[in-house]
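Q: Pasting a structure below so you can have a look.
The values are calculated or read from the model by the stated rules, or taken from the named source; none is laboratory data. This structure is a prediction, so every number in the text was calculated from the model and none was measured. When we count neighbours, we look across all protein chains shown, and the Cβ atoms used for this are built from the backbone with ideal geometry, even at glycine.
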Amino acid sequence: MLFRLSTRPASFLGSVLAAGLMLAVASCGSHLTPLGPAGSAPQPHHLRSPIVLQAMRVQQPTPAGRCPAGFTMLSGPGSDPACYRPLGAPVKITSAAIAPAPTTGPASPSNAPPSGYGLFFFLPAAEGAKLTAVTTQAADSRAGAVDISVAGKIWGLPVTAAPITQGQFEIVLPDKNEFSQLQRILGSSG
């Protein structure tokens, strides 16, 4: 299955939290979909910098605009803030195959220029088990997200409603510069 991520967490989290739905993140097109035939995945290699995954509980700020005790407020430009609290310990992904995948927006025609740039991650079995554990913990909280960090920077905080069990996910980045930066940090030539 494919786990699409976005670097615009607060914009979609605000709408998801307001609607009370944790099943889909429509404003950023995040969803779970099959990636394709199992034999088509590239071969994993050791990453230059690990991907750190941590399940997070998500909650709306109080009416006074503050987070409850133990939560940290995160927001992006032009988006509503949301409050996050870690659930369990973070895990490190140190090996993955990475393939670039330019994407178009959900309402864009197939011949439109990319509205974002995606990186597909194909994890070996041991690393895939870590992804399943973190996404299970986030999904079981019923208000959970997964913090995806590399080299100390958060690259996505997607809400998840179901565990990812196939060891494959995608991070969608808003521009080619961030796409290239993440590739360099991870050591991917893709």
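Rundown of residues vs (1) within 21 Å of A162 (Cα to Cα); (2) touching a helix residue (DSSP H, G or I) at 6+ places or on another chain (Cβ under 6 Å); (3) at pLDDT 60 or above; (4) surrounded by fewer than 13 Cβ atoms within 10 Å (Cβ to Cβ), yes/no style:
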residue	(1), (2), (3), (4)
S30	yes, no, no, no
G39	no, no, no, yes
S75	no, yes, yes, no
S95	no, yes, yes, no
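Q: Which count do you get for residues in the stretch 157-167 that are surrounded by fewer than 19 Cβ atoms within 10 Å (Cβ to Cβ) and either over 24 Å from P44 (Cα atoms) or aromatic (F, W, Y) (or both)?
A: 2
Q: Then there is this: May I ask you to list the residues in the stretch 163-190 that are in contact with a strand residue (DSSP E or B) (Cβ under 9 Å, 6 or more places away or on another chain), touching a residue at least 60 places away in the same chain (Cβ under 8 Å) and of a type in the set (S, T, N, Q)?
A: Matches in the stretch 163-190: Q166, Q168, Q183, S188.
Q: So is T160 more than 29 Å from C83 (Cβ to Cβ), of a type in the set (S, T, Y), modelled with pLDDT under 90 and in contact with a strand residue (DSSP E or B) (Cβ under 9 Å, 6 or more places away or on another chain) or not?
A: no
Q: Sticking with this structure for a sec: Return yes or no: is I154 among the hydrophobic types (A, V, I, L, M, F, W, C), crowded, with 16+ Cβ neighbours inside 10 Å, within 23 Å of F179 (Cβ to Cβ) and at pLDDT below 95?
A: Criteria not met by I154.
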